[in-house]
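The values are calculated or read from the model by the stated rules, or taken from the named source; none is laboratory data. Here the structure is a predicted model, which means the values were calculated and not measured. Cβ: placed from backbone, ideal geometry, glycine included. Neighbour counts: every protein chain shown.
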Amino acid sequence: MTLEIRDIYSKPIADIDGHKTVIWLVKYKDNGYVGLESKEEDKDIARLLKAGSSLRQHPKRIAVKYYNTHRSTSHAIRNYSGAMIGILRSQPELNKYFSFYTYVSLYDIKSDQTSLPIVCGLLGLVGLLFIGIAFYVRYKVNRAYDELYAAYPELNGNLDPLISESLYHDDKLKIIIYKNHLITYHRGFALVDLHQVVQLYHRIVKTRRSFIAVNQQSFLVAVKMDNKKVSLFICNRGKKTDEELQPLFAAVTNYFPDIKIGYDKLF
């Protein structure tokens, strides 16, 4: 299908799968708004952003793939409706016109167009492999949601209690403690059962270029009873990240006193 774009918000309103894709807020009719999934650096998106306010008088059409969350496929974004309700909660006027249960994907339509000749050719298996890798992050996020709903069925369809009933919540670092689980939602969604954790610490991974750190990412590393480690992506806020994590560590110590805080070896 094609969608006539009449306006686009200047920045993505949500990250999907650790920045594999993002959601843009677009206006597609007089008072209609919908989420558009794409890669953040997509060329068609760049052209829409460049057109800016002129789209209102001269809308542009793009080919997209349509998804209804009530009849979602295995490739659809998991818990899309709940996530959008949370993101747009503070925009009551926009809520009236936003489609919470449908969205369109520029990313998927381009993926389909790219993979079709490969699948039909001798390199079909290789193409499927790359598609599988591209959706691996999405699979991990879906699996995390499945684990959450299995532990707390009351959250299925309504994630508001994650915040309203949390033991701890830091929206800057994207961290929640809900009942027995530590949850992070920066560039994805991950969780770990704190009753299975014996140690928790902060890890920073730096990307260097010519001996200069050009990027750094933060993780909470949870060491489980079986000595397996679970890394949960959190927002890195530079030098103050460690300081801002101290209230979290204090909350963990308070509610789960058997968990050792810090990187020191257990034995």
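Hey, can you tell me all the residues within region 216-248 that are of a type in the set (A, V, I, L, M, F, W, C) and farther than 17 Å from ILE176 by Cα? Selection gives VAL223, MET225.
Residues checked against (1) among the basic types (Lys, Arg); (2) farther than 19 Å from TYR80 by Cβ; (3) surrounded by fewer than 21 Cβ atoms within 10 Å (Cβ to Cβ):
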| site | (1), (2), (3) |
| --- | --- |
| THR21 | no, no, no |
| LEU25 | no, no, no |
| ASN31 | no, yes, yes |
| SER38 | no, no, no |
| LYS43 | yes, yes, yes |
| ARG47 | yes, yes, yes |
| LEU55 | no, yes, yes |
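If you check GLY238, GLY157 for being exposed (fewer than 13 other Cβ atoms within 10 Å of the Cβ) and touching a residue at least 24 places away in the same chain (Cβ under 8 Å), only one passes: GLY157.
With the condition kept exactly as written, say whether any residue in region 186-195 is without any contact (Cβ under 8 Å) to a residue 40 or more places away in the chain, farther than 26 Å from THR21 by Cα and not assigned by TED's automatic domain parsing to the domain that holds ASP15. First the steps, then the outcome.
To start, the set of residues in region 186-195 that are without any contact (Cβ under 8 Å) to a residue 40 or more places away in the chain comprises none.
No, every residue in region 186-195 fails to be without any contact (Cβ under 8 Å) to a residue 40 or more places away in the chain, farther than 26 Å from THR21 by Cα and not assigned by TED's automatic domain parsing to the domain that holds ASP15.
Tally the residues that are among the hydrophobic types (A, V, I, L, M, F, W, C), in a helix (DSSP H, G or I) and at pLDDT below 95, restricting the search to region 152-200.
Count: 3.
All conditions in (1) on the phi < 0 side of the Ramachandran plot; (2) within 20 Å of the chain's Cα centre (by Cα); (3) surrounded by 13 or more Cβ atoms within 10 Å (Cβ to Cβ) hold for GLY188, with the sole exception of (1). Only a single criterion out of (1) closer than 23 Å to ASP42 by Cα; (2) outside the structural domain of HIS70 (by TED's automatic domain parsing); (3) modelled with pLDDT of 75 or more is not satisfied by LEU106, namely (2).
So that you can scan it fast, the table gives a plain yes or no per residue for (1) farther than 29 Å from ASP15 by Cα; (2) modelled with pLDDT of 95 or more:
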{"position": "ALA213", "(1), (2)": "no, no"}
{"position": "ASN227", "(1), (2)": "yes, no"}
{"position": "CYS235", "(1), (2)": "no, no"}
{"position": "GLN246", "(1), (2)": "no, yes"}
{"position": "TYR255", "(1), (2)": "yes, yes"}
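Among the numbered conditions (1) assigned to a helix (DSSP H, G or I); (2) modelled with pLDDT of 70 or more; (3) exposed (fewer than 15 other Cβ atoms within 10 Å of the Cβ); (4) in contact with a helix residue (DSSP H, G or I) (Cβ under 9 Å, 6 or more places away or on another chain), the only one that ARG89 does not meet is (1). Consider region 38-86 and keep the residues that are among the polar types (S, T, N, Q) and in a helix (DSSP H, G or I). The one that is farthest from ILE8 (Cα to Cα) is THR69.
When you check VAL205 against the structure, is it at pLDDT 95 or above and either touching a strand residue (DSSP E or B) at 6+ places or on another chain (Cβ under 8 Å) or farther than 16 Å from VAL252 by Cβ (or both), yes or no? Here the answer is no, as VAL205 does not meet what is asked.
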